[in-house]
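Single-structure report; data block below.
The values are calculated or read from the model by the stated rules, or taken from the named source; none is laboratory data. All values reported here derive from a predicted model rather than from experimental measurement. For neighbour counting, all protein chains shown are included, and Cβ atoms are generated from backbone atoms with ideal geometry for every residue, glycine included.
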Amino acid sequence: RHAHCPRHFGSSHFGPGVGLAVARQPYPFGLAATMPPAQRRVLVIGGSFAGLSCGRDLRDEFLVTIVDAKEFFEYTPGVLRAFVKPKHLDALTFTLHPVIEEKMGCKYIWGEVTDLNGARRVATIKPMFSKESEVIDFDFCVIACGCNFGPFHKWGESLWFPTVHSEARLAGSWSHLDERFLEGRRRHILEEYANIQELNKNKAKILVVGAGFIGVEWVTELRHFFPDLKNTIIDFLPQPLGPLPPAAAKYCERYMKRNKIDQHYNMGYKPEDNKFWTAINLPNKADKEYICIGVKASNYFMPAETLSEKGPGGGKWIHVDMTLAVETKDSYLWSADENGYSRVYAVGDCNYGCVPCDNAGPGDWPIPPIPKISYPGEEEAVIACKNIHKIDKLAYRNQKTDLFGAELKPHTMHWPWGAGMFATSL
């Protein structure tokens, strides 16, 4: 199986010696016509939910390589519990190499993509243990690099996602820890756990900014595991859990009230205004603040013409069309081949999350805004993989129809059924 070859990207899949030996052998009658076509190479940027989903769907017919800047997978929706119960991290993480290479049969590169060239179909990667960057080529590419959660920080730094990009690490608040390693991530969580223990010992006042599902879960985790903390949560909306049904918001509101969590809604975050602190019953300000609002793009390797000027956290999200192919600000395919088919797709949290229309409201856009969570990311990955399968048949196998005679053409985005699914632990 191709997973055991030294590397998918190189001169010869079987090595120069083997290829030369086979080339000198005369083909038996009919063998040349029945030999399978060479497999195309797919580069997947990001080894989390959507990236691993792509690997599973493409591994049987393509040579798949997954590159990630960290050595481990982390189940982000559950990481809040790890900060108040550190041993829980073991249930949320696994090392990528054995899973991708041995279980999935793909190749794994531990490194950071620093540049992606759609026209030439090459990526520049800085491997973890190499001083020099490497340039590798591909036939197809799926960008599934996710996003960060700190909208007020230049690099989107937050507790909820490890700091793994080289530039972000240098300017980070915990640069003494290397969260590209699983042990570095564990040490950061233990440090924060010790800090919370000290805050609890001093009966500190805590402010959680943002009453979305992350903020509500975080403040209730603090209340349960550290009961001596005095917790306050605020949000600019009139109720918690804005995108969820009203019944869910009422349930969480009653729970927080019953557990003596001070709630303030229709309240913007203005830390420099003394009136703000007085209004939320913290005239002497909070001892510790946790920002649990918004997201920030981390598409540093993409050229400016593919990135949005607007959007959450200041924009810089990857533009996509209805087929999830990367396009420019001017709505042209960014990496089209000689037949006009796209070779680069962006799925999950890294893309713009919508296809806007100037003459309609967000609800009537071709793709309305999609929440940046794991479920729709995996659904988008399935669509991108289906389009890669179809374009491979069209461009390399000269197949124009499927088994039932229907025309082969890229599939457009369907309704993201998983976009409304949230699991909030109280």
### Message
Among the residues in the stretch 317-338, are any within 30 Å of Leu222 (Cβ to Cβ) and either surrounded by 15 or more Cβ atoms within 10 Å (Cβ to Cβ) or touching a Ser or Thr at 6+ places or on another chain (Cβ under 9 Å) (or both)?
### Response
no
### Query
Out of (1) more than 25 Å from Gly55 (Cα to Cα); (2) basic (Lys, Arg); (3) surrounded by fewer than 17 Cβ atoms within 10 Å (Cβ to Cβ), the odd one out for Lys103 is which?
(1)
### Query
Which one of Gly377, Gly340, Gly405, Gly418 is modelled with pLDDT of 90 or more, among the small types (Gly, Ala, Ser) and in contact with an Asp or Glu (Cβ under 8 Å, 6 or more places away or on another chain)?
Gly377
### Summary
Within the stretch 291-332, residues over 16 Å from the mean Cα position of the chain (by Cα), in a strand (DSSP E or B) and under 13 Å from Pro151 (Cβ atoms) come out as Ile291
### Task
Output yes when any residue across the stretch 131-139 is on the phi > 0 side of the Ramachandran plot and not hydroxyl-bearing (Ser, Thr, Tyr), and no when none is.
no
### Query
Given (1) at pLDDT 95 or above; (2) touching a Cys at 6+ places or on another chain (Cβ under 7 Å); (3) not aromatic (Phe, Trp, Tyr), where does Pro366 come up short, assuming only one miss?
(1)
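Over 20 Å from the mean Cα position of the chain (by Cα) and touching a residue at least 12 places away in the same chain (Cβ under 8 Å) - does that describe any residue in the stretch 344-357?
No - not one qualifying residue is present in the stretch 344-357.
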### Task
For residues that are assigned to a loop (DSSP other than H, G, I, E, B) and either among the acidic types (Asp, Glu) or crowded, with 17+ Cβ neighbours inside 10 Å (or both), tally how many sit in the stretch 381-410.
2
#### Entry: Gln263 being at pLDDT below 95 and surrounded by 14 or more Cβ atoms within 10 Å (Cβ to Cβ)
no
### Message
Given the criterion part of a loop (DSSP other than H, G, I, E, B) and either outside the structural domain of Ile388 (by the TED database) or touching a strand residue (DSSP E or B) at 6+ places or on another chain (Cβ under 7 Å) (or both), identify the matching residue among Lys203, Lys126.
### Response
Lys203
### Query
Quick one: in the stretch 106-156, which of the residues that are free of Cβ contacts under 8 Å to residues at least 40 places away in the same chain and either hydrophobic (A, V, I, L, M, F, W, C) or crowded, with 18+ Cβ neighbours inside 10 Å (or both) is farthest from Thr323 (Cα to Cα)?
Phe129
### Task
Those residues that are of a type in the set (S, T, N, Q) and out of contact with any His (no Cβ under 8 Å at 6 or more places or on another chain), I need them from the stretch 335-381; list them, please.
Ser335, Asn339, Ser342, Asn359, Ser374
### Query
If you go through the stretch 180-196 one residue at a time, do you hit one that is within 26 Å of the chain's Cα centre (by Cα), over 20 Å from Lys270 (Cα atoms), part of a loop (DSSP other than H, G, I, E, B) and touching a residue at least 40 places away in the same chain (Cβ under 8 Å)?
yes
### Query
What number of residues in the stretch 55-104 are among the aromatic types (Phe, Trp, Tyr) and either assigned by the TED database to the domain that holds Val216 or under 19 Å from the mean Cα position of the chain (by Cα) (or both)?
4
### Pairs where the first residue, in the stretch 303-331, is free of Cβ contacts under 8 Å to residues at least 40 places away in the same chain and at positive phi and the second is hydrophobic (A, V, I, L, M, F, W, C) and part of a loop (DSSP other than H, G, I, E, B), C-beta under 9 Å, 6+ apart
Gly315/Ala297; Lys316/Ala297; Lys316/Met302
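Could you please find all residues in the stretch 411-426 being loosely packed, with under 13 Cβ neighbours inside 10 Å, within 27 Å of Ala336 (Cβ to Cβ) and in contact with a helix residue (DSSP H, G or I) (Cβ under 8 Å, 6 or more places away or on another chain)?
If the condition is that a residue be loosely packed, with under 13 Cβ neighbours inside 10 Å, within 27 Å of Ala336 (Cβ to Cβ) and in contact with a helix residue (DSSP H, G or I) (Cβ under 8 Å, 6 or more places away or on another chain), then His414 is the only one that fits.
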### Task
Provide a single number: the residues in the stretch 241-255 that are buried (at least 18 other Cβ atoms within 10 Å of the Cβ) and modelled with pLDDT of 95 or more.
1
### Task
Determine, yes or no, whether Lys70 is more than 28 Å from Ala381 (Cα to Cα) and at pLDDT 95 or above.
no
### Query
What are the residues in the stretch 373-426 that are within 16 Å of the chain's Cα centre (by Cα) and not assigned by the TED database to the domain that holds Leu58, if any?
Gly418, Ala419
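With the structure loaded, tell me whether Asp273 is farther than 22 Å from Phe149 by Cα and touching a Leu at 6+ places or on another chain (Cβ under 9 Å) or whether it fails that test.
No.
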### Query
When the stretch 238-261 is examined, which residues are found to be outside any helix (DSSP H, G or I) and more than 14 Å from Ile214 (Cβ to Cβ)?
Pro238, Gln239, Pro245, Asn259, Lys260, Ile261
### Task
For Lys275, indicate whether it is assigned to a helix (DSSP H, G or I), loosely packed, with under 13 Cβ neighbours inside 10 Å and in contact with a strand residue (DSSP E or B) (Cβ under 9 Å, 6 or more places away or on another chain).
no
